[in-house]
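Engineer: If you scroll down you'll find the structure; I have some questions about it.
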Amino acid sequence: MALTQDVLSRVLIFANGKGGVGKTTTSTNFAGLCAAAGWRVLFMEFDPQGDAGDDLGYKRSPENDRGAHLLEVLDESKPLQPVLRDVRPGLDVIPMGRVAFKAIKDILDGKERRGTEYRLMLANALAPLARDYDLIVIDTPPHEPVVLQLVLGAARWLVVPTKSDRSSIGNLAELAVELTEVRHANPHVEILGVVPFDFDKQATRIHRDAVEDITTVLDGAAELFYDDSGEVITIRHSVAAVDARAAGKLVQELAEMANDEEAGEPWWKALREGRAPERIPGSVGALADDHLLLTNAILTRIDKLESANRQEASA
């Protein structure tokens with residue numbers, strides 16, 4: 001699959017103004033799977049909580065500048081460069097931290113008060129670097145419209161994770177307002193799709209009602225993602241997600257560890273010898289499959305839309 005359109009058409013962001021809806025989990029696993037598949041990927045962290053650093057295992061790395069470089073880029077117009085190279089093979093990272101995030105927000109707030117256009121600052125910084133990558137994936141913060149506007153100004157595609165509660169689903173309408181406000185600066189940004197996150201697949205009625213609620217709120221503004229059988233792709237609720245983050249691993253990596261464990265030393269041997277076994281939940285394989293399905297669906301939809309845009313341009 002060739003993702004080769006204009007330079008910033010490679011920028012994909014995961015956003016939802018509400019926190020705790022899976023933006024970081026879905027974005028890090030998507031970026032990691034794309035890198036593992038052979039694409040060159042740049043991951044940018046705009047959430048000051050630093051959970052992406054836990055997922056990818058760089059949070060306590062001495063090379064993690066916690067957003068200092070990105071602050072210099074936006075405040076002093078320095079050239080943007082990856083801070084952490086090959087966090088995974090093919091995956092570079094520009095991290096974020098609370099202090100730098102607050103300083104960036106203050107800069108953007110000041111520009112907004114003065115009526116100075118700021119929404120293309122990140123786009124302009126990314127453009128010279130973007131050709132080095134097949135995909136640029138950005139995790140966004142909750143509850144910070146001015147920072148979200150900055151990131152939307154650089155985005156081509158928007159993926160929206162949401163939980164099943166009415167508050168999370170209702171927030172999709174607020175995100176549509178943010179899109180409207182940024183379109184004068186970036187008319188090309190589009191919602192690629194919506195991902196139901198942390199769903200209990202056994203609670204079929206709740207699952208069905210939530211999907212119906214999402215479809216109603218979207219009202220044609222965006223689509224859910226579907227697998228080859230036509231079923232809605234959801235990221236299931238699983239304790240394996242917590243274990244993966246605690247281990248500094250992506251879900252797929254934890255699943256591979258589980259496979260290795262099954263082929264290697266049995267857990268009971270460690271107990272018999274007085275050692276604590278590191279057990280991996282059996283649900284990790286199913287959760288890894290969810291992320292694989294989502295990644296494939298995202299890439300397939302991008303490719304389909306890019307092909308349609310090329311045909312329209314040549315007509």
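The values are calculated or read from the model by the stated rules, or taken from the named source; none is laboratory data. Model, not experiment: these values are computed from the prediction. Neighbour counts are summed over all protein chains in view; Cβ atoms, including those assigned to glycine, are modelled from backbone coordinates with ideal geometry. Side chains are part of the model used for accessible areas, which takes the heavy atoms of the whole protein and leaves out ligands, DNA and RNA. Shrake-Rupley method; radii C 1.70, N 1.55, O 1.52, S 1.80 Å.
Engineer: Mind giving me the FRET efficiency for residue 109 and residue 231? R0 is 41 Å, r the Cβ-Cβ distance, nearest 0.05 is fine.
Structural biologist: 0.40
Engineer: Also, quick follow-up: Of all the accessible heavy-atom surface of the chain, with the other protein chains kept in place and a 1.4 Å probe, what percent is carbon and sulfur?
Structural biologist: In the chain, the share of accessible area belonging to carbon and sulfur is 50 percent.
Engineer: Suppose R0 equals 25 Å. What FRET efficiency, 1/(1 + (r/R0)^6) with r the Cβ-Cβ distance, do residue 167 and residue 201 give to the nearest 0.05?
Structural biologist: The value I calculate is 0.75.
Engineer: Accessible area per residue for the chain in Å², computed with a 1.4 Å probe and the full protein assembly in place, what is it?
Structural biologist: Heavy-atom accessible area per residue stands at 47 Å².
Engineer: Distance from a point 7 Å along Cα→Cβ of residue 59 to each backbone N in the range 114-142: keep the residues under 18 Å and list them by number.
Structural biologist: 139-142
Engineer: Quick one: what are the phi-derived ³J(HN,Hα) couplings along the range 235-250, Karplus 6.51/-1.76/1.60 with θ = phi - 60°, whole Hz, x for glycine and proline?
Structural biologist: 9, 6, 6, 7, 5, 4, 5, 5, 5, 5, 4, 5, 8, x, 10, 7
Engineer: Okay, moving on. Consider the candidate values (i) 61, 50, 41; (ii) 68, 46, 39; (iii) 63, 40, 34; state which one is Cα extents along the principal axes in Å computed from the structure displayed.
Structural biologist: (ii)
Engineer: Also, I was wondering about something else. Take the cross-link list 23/78; 18/102; 163/201; 23/304; 102/249 and give me the ones stretching past 21 Å between alpha-carbons.
Structural biologist: From 23/78; 18/102; 163/201; 23/304; 102/249, over 21 Å: 23/78; 23/304; 102/249.
Engineer: Additional query: Under a crude label model (7 Å from the Cα following the beta-carbon direction), how far is residue 177 from residue 239 in nanometres?
Structural biologist: Computed distance between label sites residue 177 and residue 239 equals 4.0 nm.
Engineer: Exactly which trypsin sites (Lys or Arg not before Pro) in the range 33-114 are in a DSSP loop and have at most 14 other Cβ atoms within 10 Å?
Structural biologist: The qualifying sites are 60, 114.
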